[in-house]
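I have placed the structure first, in the form of structure tokens, so that the comments after it can refer back to it.
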Amino acid sequence: DGTNLGRILADPENDNFFALMADGTTAAASIVGHTTISNPSWSAILTGVWGETTGVVNNVFTPGTYDRWPTVFNLLESHDPSIQTITIANWNVIADIAGAGSIPADQIIFIPQVPGDSSWFLTDDAVGAATVEAIRNTQTGTPTFMFTYFVGVDENGHNYGGASPQYAEAIRNVDENIGDIMAEIAKREDCNTGP
């Protein structure tokens, strides 16, 4: 959350971000009229509906929103309950969204801020470790949708500004966690694909 693409691209240390971008789609966002506040933006991502339509305009969680505008968790669970839906987050609103609507995510792991962790690095690392563990513990052959959320970059942006060394370091910390997650995914894929 709160990650500036330009700051990722400016730092060659962010090799795991670069690897993801090379294998996916990346673009600088330019959404006229959409306010980039966390809850409206993440609600839009998780429901596919802009905040201007859902009425989510601030960081106050409103559970009834997701009865009218179902999340990806609700839709997957409604379509096929055998899909294992998991969210791992260190911002309570993401956990709340995953638990809202008609059929919540199967597993919601909220990681509170580690006491004394003013940089949020330890807390983000706990999210990364929980994600690796969840991947490791997913039964082979189980269709799975996992959503992982790191708040450290956003917190450092608020506390020190987007041009600060603390912000760049928070991005690097998430990059390292992405590397651990992608390595676990690759290991799992190697174990579960035939010769």
Rg(Cα) / (2.2 N^0.38 Å) computed for the chain, rounded to two decimals: 1.04
Residues whose placed amide H lies under 5 Å from that of PHE147, excluding near-sequence neighbours: ILE86, THR87, ILE88
For segment 39-195, accessible area per residue (1.4 Å probe, heavy atoms of protein chains only), Å²: 49
Share of carbon and sulfur in the accessible heavy-atom surface of segment 57-195 [1.4 Å probe, %]: 56
Length-normalised contact order of the chain in % [C-alpha pairs under 8 Å, at least 6 apart]: 22
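The values are calculated or read from the model by the stated rules, or taken from the named source; none is laboratory data. None of these values were measured; they are calculated from a predicted model. Keep in mind that these areas ignore ligands, DNA and RNA; they rest on the heavy atoms of the full protein, side chains included. Shrake-Rupley method; radii C 1.70, N 1.55, O 1.52, S 1.80 Å.
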